Amino acid sequence: MKLYNSATRKKEEFVPIDPQLVKMYTCGPTVYHFAHIGNLRSYIMEDILEKYLRYIGYNVKRVMNITDVGHLTSDADEGEDKMLKGAKRENKSVMDIAKFYTDAFFADCAKLNIKTPDVVEPATNCIDEYIKIISTLIDKGYAYLAGGNVYFDTSKLERYYIFNDFNAEDLDVGVREGVEEDTNKRNKNDFVLWFTKSKFEDQALKWDSPWGVGYPGWHIECSGISIKHLGENLDIHCGGIDNAFPHHTNEIAQSESYLGHKWCNYWMHVLHLNTTSGKMSKSKGEFLTVSLLEEKGYDPLAYRLFCLQSHYRKSLVFSWENLDNAQGTYNKLIGKIAALKPGTAPVDEEAYNALRSKFTAALDNDLNTSLAVTAIYDVLKYQTNDETKLYAIADFDKVLSLDLIAKSEAKREELKRHAVSGGEFTVIAEDGTHDPEIESLLKARAEAKKAKNFPEADRIRDELKASGIEVTDIPGGAKWKRI
Ligand code: AMP
Ligand code: ZN
């Protein structure tokens, strides 16, 4: 497959270091608040990448951190610790906040069918790893002590600004209110590896270290956790575009200086979900969550479909109208799949292979998810039996994860429950909706036909036609659509 690599700014053929196992790392959430649906856009698209790699036959080991310490209100190491801010806001301990929002994050992921990575590691679990890396960086001359903190010296690198050609808004490094310049830094872009002194004396979590009691910087945690679980080489590193700089740039700087060689081959960055008034951000306070979508009656999977309908390298604008459209499309799609009538015919391998190659061609091309969704419509239109169609849809949904089979089976059952006559007459609306009036007219027509009262049956058909309803007879029932 071809994947766009932000590090080289090119679409490249994806070749893992070990053909048996893809090593993938994902920046996890900072658990001081609920995830907003923008954060979840990034995790949905990363989930597609992981599942697609598995679909085309790779084994994948995916690791994700949970940021429960060290992420300050500005990504440039300044401001207050986000976790502490969350704890103060809710009058709880930092650990309670971390547990509550970690659980909430995975509950949201489950609703969106985002698979939990193989390894999920809270940053506070790996202090020894960070200390080991920082000690080596000091020994090698890449880090220095100043004012009680340990800093990475960016002037020691030949190349630092790896991802720096993104536009300024995408790279906006977070809120800067109350941020003062750190005069300990030798160079503007130097960053903290270990804090012992910060303006915030009430920092809740602290550990002993060779440089005094303190806590790690945010960037070092991803290098430490990745190296701990995936070793010295990484195939793919993912994150939202705001992580590209400074977070990922700093991860590369410290990991490669520590290891003495190239660390990660492919970088995948998901562009932001924006609202019509700008970027969605947790620190702005008001934001959209999965629970809010549910409260308003949306299926979280309609949001997943909404995300899949656009490419991950384009920013996406959220509006309720857009979500309404996605929900409508989702309902119709489920309705269409529910209208399939599987019997016992074998799967037509040739047809399945032709359909599958359209699906893989879409995703092989830098994860073109919107075309991959279109491949489901191609299945529905294809000249083949319904068994093959359902087989192909179930197969593609291993990646898309829209619950297409389970939801359409439930819909089929629901339609049966609404069967019109003698429990055997089924009415199916092509758009998956229910209309009791149309259903009872169709029932009356079926009964007229049964009684051989054909003029009455034709009259009902004409009446429906006059109101824009086209009826098709199917075995054991009728199908209708608006024309
Ligand atoms: P955080 O919890 O702030 O550490 O962010 C978790 C993930 O969400 C990171 O990969 C971010 O880059 C990503 N992210 C943050 N804001 C957005 C957004 N508006 N749209 C898409 N992804 C985002
Ligand atoms: Zn990270």
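A protection proxy built from the mean count of other Cβ atoms within 10 Å ranks the segments 249-256, 442-449, most packed first, as 249-256, 442-449. Each listed q (0.13 Å⁻¹) maps to a log10 I(q)/I(0) for the chain from the Debye sum over equal C-alpha point scatterers, namely -1.17.
Compared with the dominant principal axis of the Cα atoms in the chain, helix 436-450 is inclined by about 40°. Working ranking of peptides 6-15, 261-270 by packing, defined as the average number of other Cβ atoms within 10 Å per residue, highest first, is 261-270, 6-15. Legend: distances between Cα atoms for 10/115; 111/407; 51/416; 23/115; 2/358; pairs beyond 23 Å are 10/115; 51/416.
Counting only alpha carbon atoms, the long axis of helix 349-364 and the longest principal axis of the chain meet at about 30°. Here the calculated FRET efficiency for residue 274 and residue 106, from their Cβ-Cβ distance with R0 = 22 Å, stands at 0.30, rounded to the nearest 0.05.
Once the chain from residue 139 to residue 365 is taken as fully extended at 0.36 nm per residue, the excess over their C-alpha distance is 77.0 nm. Label-to-label distance for residue 11 and residue 449 is 4.9 nm, based on points extended 7 Å past Cα in the beta-carbon direction.
When each of the peptides 357-370, 45-58, 468-481 is scored by how many other beta carbons lie within 10 Å of its residues on average, the order from highest to lowest is 45-58, 357-370, 468-481. The residue among 93, 20, 136 whose Cα reaches farthest toward the positive pole of the charge dipole of the chain, with charges on the beta-carbon of Lys, Arg, Asp and Glu, is 20. Across the range 100-116, rounded Karplus estimates of 3J(HN,Hα) from the backbone phi angles (6.51 cos²θ - 1.76 cosθ + 1.60, θ = phi - 60°) give 4, 7, 5, 4, 5, 4, 6, 5, 5, 4, 4, 5, 9, 6, 8, 5, 6 Hz, Gly and Pro being marked x. Between residue 325 and residue 59, the C-beta separation translates, for a Förster distance of 56 Å, into a calculated FRET efficiency of about 0.90.
Using the Cα centre as the reference, give the magnitude of the dipole from point charges on the C-beta atoms of the chain (Lys, Arg: +1; Asp, Glu: -1; all else neutral), rounded to the nearest 20 debye. Kindly include the intermediate steps, with their values, before the conclusion.
Details: 62 positive and 74 negative charges, 181 e Å.
Its charge dipole is roughly 860 debye.
Per residue of the chain, the DSSP helices (runs of n ≥ 4 H) give a summed -39500 (n - 2.57) that works out to -13500 deg cm²/dmol at 222 nm. Projecting the Cα atoms of 59, 466, 404 onto the dipole axis of the chain, where Lys and Arg carry +1 and Asp and Glu carry -1 at the beta carbon, places 466 farthest toward the positive end. Each residue, residue 479 and residue 410, gets one label point 7 Å from its Cα in the Cβ direction; the gap between the two is 2.3 nm. Which Cα, out of 267, 160, 213, lies furthest along the positive dipole direction of the chain (beta carbon charges, K/R +1, D/E -1)? The one lying farthest along the dipole's positive direction is 267.
Listed by chain and number, the lysines whose C-alpha is less than 25 Å from the C-alpha of residue 197, apart from same-chain residues fewer than 8 away, are 82, 85, 88, 92, 132, 140, 156, 185, 188, 206.
Each reported figure results from applying straightforward, stated rules to the coordinates on display, with no laboratory input. Source: prediction; values computed, not measured. A quick note on method: Cβ atoms are made from the backbone with ideal geometry, for glycine too, and the neighbour counts reach across all protein chains shown.
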